[in-house]
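The block underneath contains the structure these notes are about, expressed in structure tokens.
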Amino acid sequence: YLANPPVLMPPTPGEPLLLYISATQYAIGALLTQYDLSHKEKAVYYLSRTLIAYE
């Protein structure tokens with residue numbers, strides 16, 4: 001992962017986006033992806049967050 005960090009690509013207007021969501025009692029995460037011209041799924045945006053006691 002550190003040797004080859006993920007690269008974000010800008011979204012292509014008019015093309016579908018895929019949203020992956022993960023949630024536990026302690027953290028939330030999301031990944032927004034889109035297929036590029038070679039039909040490979042590429043990351044558009046990452047999100048992760050640790051929750052505090054009252055969230």
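Only the coordinates and a few stated rules stand behind these numbers; no lab work does. In this text, all values refer to a predicted model and were calculated from it rather than measured experimentally. Cβ sites come from the backbone with ideal geometry, for glycine too, and all protein chains shown count toward neighbours.
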For segment 6-32, how many residues meet the condition of being within 28 Å of residue 52 (Cβ to Cβ) and free of Cβ contacts under 8 Å to residues at least 24 places away in the same chain? 11
Would you check which residues across segment 16-55 are among the aromatic types (Phe, Trp, Tyr) and in a loop (DSSP other than H, G, I, E, B) and list them? 26, 54
